[in-house]
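Right, one structure below, let's go through it.
The values are calculated or read from the model by the stated rules, or taken from the named source; none is laboratory data. Note that the coordinates shown come from a computational prediction; the quantities given were computed from them, not determined experimentally. Because the Cβ atoms are built from the backbone with ideal geometry, glycine has one as well, and the counts that use them run over all protein chains shown. Ligands, DNA and RNA are excluded from the accessible area calculation, which covers all protein heavy atoms including side chains. Shrake-Rupley method; radii C 1.70, N 1.55, O 1.52, S 1.80 Å.
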Amino acid sequence: FRRPLDAADICRSLLGKQPLLPVAHANLLIALVAAGAAHEARLAALAAEDACPQEAGVLLYAARAANAAGHPDDAIRMLEKAALADARSFPVRLLLAGLYATSKGMWQKCLAHGLVGAALKPEDPDINRIVGEAYLRLGEFGKGFPHYRHRLKSPRLFRPFERPFAHRTWDGAPLSGKLLVLPEYEQGVGFEILCATLIPQLEKRGISAV
């Protein structure tokens, strides 16, 4: 919306005539979030939840508005309803898994919704990152790292850190000679230092780390 508050007024006018109109609720929420009207957005989200409890799309917008207003518990409740209304909604699963991870630290629930999302969009880098982190947090490293490494395939996530040459990833197989150590430096200097601490172990195996 170019003028989100004007759009919000139009949506309110429509809801005054048709209080259960899903598209009016959805567009009101979009407009209020765009306008940065956090308190009003949360109130509109609660109203939309009451008016459209079976409309997964409306509940998704309501959850986004509630979360933007700083109420992740409201957002999670709305998203759980949305998941029941439409079990195959990828945006619902993505946001729900993310909120369970970032706002609650509930990794089992994060993983449950994340796996549903990953089944719907197996190549999506965002859902794979969330699933990977959930597995890692739960100590299932063999399952976690393949999902987490999926982000390296994403031009959107990894292009700023893409190297201007081709290289293979060492899988731990026996090596000899020289090995060029290239940490995935999008993690920052700390990750590079951590990688450097592994060089003595490589040298003990007869590998000259460069």
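Quick check on my filter: what residues within segment 104-142 are assigned to a helix (DSSP H, G or I) and closer than 12 Å to PHE90 by Cα? Within segment 104-142, HIS113, GLY114, LEU115, VAL116, GLY117, ALA118, ALA119, LEU120, ASP126, ILE127 meet the criteria. Answer yes if at least one residue in segment 60-68 is under 24 Å from HIS147 (Cβ atoms) and open to solvent by 10 Å² or more (accessible area, probe 1.4 Å), and no otherwise. The answer is yes; a qualifying residue exists. Scanning segment 103-121 for residues that are within 14 Å of ARG64 (Cβ to Cβ) and either of a type outside the set (S, T, N, Q) or free of Cβ contacts under 8 Å to residues at least 12 places away in the same chain (or both) yields a count of 0.
Filter segment 1-19 for residues that are of a type in the set (A, V, I, L, M) and more than 30 Å from the chain's Cα centre (by Cα); which is most open to solvent (accessible area, probe 1.4 Å)?
Checked segment 1-19; the qualifying residue most open to solvent (accessible area, probe 1.4 Å) is ILE10.
You will find that of ALA118, ALA112, ALA97, the residue that is hydrophobic (A, V, I, L, M, F, W, C), open to solvent by 40 Å² or more (accessible area, probe 1.4 Å) and either under 20 Å from ILE76 (Cα atoms) or more than 11 Å from the chain's Cα centre (by Cα) (or both) is ALA112 and no other. Of the candidates ALA38, ALA47, ALA85, the single residue that is open to solvent by 40 Å² or more (accessible area, probe 1.4 Å) and modelled with pLDDT under 95 is ALA38.
If I go through segment 51-79 residue by residue, how many of them are part of a loop (DSSP other than H, G, I, E, B) and either among the β-branched types (Val, Ile, Thr) or under 20 Å from ARG12 (Cα atoms) (or both)? Explain how you work it out, then say what you get.
As a first pass, look at segment 51-79 and keep what is part of a loop (DSSP other than H, G, I, E, B): 52-55, 69-71.
Okay, now just the ones that are also either among the β-branched types (Val, Ile, Thr) or under 20 Å from ARG12 (Cα atoms) (or both), so 52-53, 55, 69.
Count: 4.
Only one of the numbered conditions (1) over 18 Å from the mean Cα position of the chain (by Cα); (2) in contact (Cβ under 8 Å) with a residue 24 or more places away in the chain; (3) assigned to a helix (DSSP H, G or I) is violated by ALA82, and that is (1).
How many residues does segment 144-157 contain that are more than 16 Å from the chain's Cα centre (by Cα) and surrounded by 16 or more Cβ atoms within 10 Å (Cβ to Cβ)? Count: 0.
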